[in-house]
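Comments concern the structure below.
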Amino acid sequence: MIGPSNYVLINMGARFVPCMRNTPGVQDSNIPIPWPCPWTTTLDPNVPSQQCNLTDLCGFSGVPNPKANGSLNDKPEPNQWFRFILPIFLHAGIIHIGFNMILQLTLGREMEIAIGSLRFALVYFSSGIFGFVLGGNFAASGIASTGASGSLFGVLALVLLDLLYTWKEQKSPWKEFAFIGLDVVISFVLGLLPGLDNFSHIGGFLMGLVLGICILHSPNVLRQRIGEGEPPYAPVSTASKFDDDVDGGVQRFVKRPVGFFKGRKPLWWAWWLLRAGALIGVTIGFIVLLNNFYTYHNTCSWCKYLSCLVSLLLVPVRIFSSNIWTAYQQLVRYWEPPPHEYNKPEQAGSVWRCGPYCSTDLLSIS
C-alpha cells in the first residue's frame with residue numbers, strides 16, 4: 001500500500017482488539033508475549049525492536065500489560081474505546097487513501113450536495129463506527145483494521161436508496177442500478193481477500209441503509225400517493241413549504257405539534273413507523289454489539305469466511321494435508337523418531353487456520 005507498517009498504524013489508533021479489551025490468547029497466555037515495537041523495521045524476533053510490551057505497541061496513555069498465567073477476568077483491562085472512531089481517519093498507504101478519495105470526491109460529493117453536510121456527516125461517521133464495531137465482534141482479533149471504506153459504503157447505500165426513490169425520474173435507472181450493484185458486489189468480493197475487513201463494509205452498508213430510510217425524503221411514488229406537493233424530491237437543505245418529510249416536517253412539528261398529525265393518510269403513518277422501527281432496531285443492534293464486544297465475546301465459527309476467503313479455500317488443503325501427515329507418520333514410524341511437534345498441521349496454529357494471510361502480522365484495510 002506504500003505506507004507505514006501495521007505496527008505504526010496500531011500505535012496511531014487502528015482498531016486492534018488487544019488494545020481495547022481482554023483478549024483470548026493474550027491475557028490468559030501461559031507465557032509472556034513479546035510485542036513488536038512500532039518503530040521496528042525487521043521481522044527477526046530476536047532483535048530488541050521485537051521485544052516491546054503491549055503498552056508500547058498500543059501507545060496513547062498505554063494499557064495494562066498482560067502477565068503470564070493470567071485470565072480473561074484480569075482487571076484493569078485495556079479500554080481504548082476510541083479505536084472504533086480513529087481508524088476512519090487512518091489509511092494503510094497512498095494507494096489505499098487514493099482509492100477512497102476517488103469515491104469520496106465522486107459519489108460522496110454528489111450526495112453531500114443533495115442532502116447537506118450535516119446529514120452526510122451523520123451517515124458517514126455512523127457507518128464507519130458501526131462497521132468497526134461489527135468487525136471488532138466478528139473479525140479476527142489479532143488483525144488491525146483501518147480505513148474509511150465502512151463510511152463510504154454507508155454513502156453508497158444512500159446513493160442506492162436515492163436511485164430507488166427516484167426510479168421513474170431517472171433517464172437510465174437500470175444502467176445506474178447495474179453500476180451501483182456491480183460496485184457493491186466487487187467491493188464485497190474484494191473484502192474476502194486477505195488484508196481487507198469485509199465486516200466494516202457490511203456494517204457500513206447496513207447502517208447507511210437504515211439511516212438513509214430515516215433521513216432521506218420519502219420515495220417519490222409514496223409522496224405522490226399521499227398527495228405531497230412538488231418538488232417530489234428536493235435537497236433537504238432547501239426544504240419548501242410543500243416538504244413534509246424531514247426539514248419541513250420538523251419545522252411544522254415544532255410550530256404545531258398537534259396539527260402536524262392531523263389529516264395524515266395510512267401510508268404516511270406506515271412509512272414513519274418503518275422509519276422509527278429502523279432507527280430503534282439499529283440502535284438496539286449497536287448496543288448489543290458493544291455489549292457483546294466488552295462482556296460476552298461471542299462470535300461464530302463461519303464468520304471468518306466473510307472476511308478471509310483463504311480460510312475457506314484452505315479447508316480441503318487442511319483435510320488433504322492431514323491425510324498426507326497420517327500416511328507419513330505410518331511410513332516413518334519404523335525408520336526414525338517422530339518429527340518435532342511443531343511440524344504437525346494441527347499444531348501449526350493460525351498458519352493452518354487461515355494461512356499467513358490472516359496472521360497477526362497483517363493489517364486489515366477497509
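The values are calculated or read from the model by the stated rules, or taken from the named source; none is laboratory data. Just so you know, these numbers come straight off a predicted model, no measurement behind them. A quick note on method: Cβ atoms are made from the backbone with ideal geometry, for glycine too, and the neighbour counts reach across all protein chains shown.
Summary table below
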read-out: Residue that is surrounded by the most Cβ atoms within 10 Å (Cβ to Cβ), among those in the stretch 24-37 that are within 24 Å of the chain's Cα centre (by Cα) and more than 12 Å from N65 (Cα to Cα); value: G25
read-out: Residue in the stretch 54-61 that is on the phi > 0 side of the Ramachandran plot and at pLDDT 90 or above present; value: yes
read-out: Evaluation of S71 against (1) out of contact with any His (no Cβ under 7 Å at 6 or more places or on another chain); (2) part of a helix (DSSP H, G or I); (3) of a type outside the set (K, R) (one fails), failing number; value: (2)
read-out: Selection within the stretch 1-23 - in contact (Cβ under 8 Å) with a residue 40 or more places away in the chain and either among the aliphatic types (A, V, I, L, M) or surrounded by fewer than 15 Cβ atoms within 10 Å (Cβ to Cβ) (or both); value: M1, I2, L9, I10, M12, A14, V17, M20
read-out: The listed residue being surrounded by 14 or more Cβ atoms within 10 Å (Cβ to Cβ), farther than 19 Å from W271 by Cα and polar (S, T, N, Q), out of S172, S200; value: S200
read-out: Test: residue in the stretch 147-166 that is under 26 Å from R15 (Cβ atoms), of a type in the set (A, V, I, L, M), modelled with pLDDT of 90 or more and touching a Phe, Trp or Tyr at 6+ places or on another chain (Cβ under 6 Å); value: yes
read-out: Within the stretch 168-211, tally of residues that are touching a residue at least 24 places away in the same chain (Cβ under 8 Å) and either touching a Gly at 6+ places or on another chain (Cβ under 8 Å) or farther than 30 Å from S145 by Cα (or both); value: 16
read-out: Residue in the stretch 122-140 that is within 23 Å of the chain's Cα centre (by Cα) and not in a helix (DSSP H, G or I) present; value: yes
read-out: Residue tally, condition in contact with a helix residue (DSSP H, G or I) (Cβ under 8 Å, 6 or more places away or on another chain) and farther than 25 Å from H201 by Cβ, over the stretch 65-93; value: 3
read-out: Residue within the stretch 104-125 that is crowded, with 21+ Cβ neighbours inside 10 Å, under 19 Å from F16 (Cβ atoms) and not charged (D, E, K, R) present; value: no
read-out: Test result for I97, within 21 Å of the chain's Cα centre (by Cα) and either assigned to a loop (DSSP other than H, G, I, E, B) or surrounded by fewer than 16 Cβ atoms within 10 Å (Cβ to Cβ) (or both); value: no
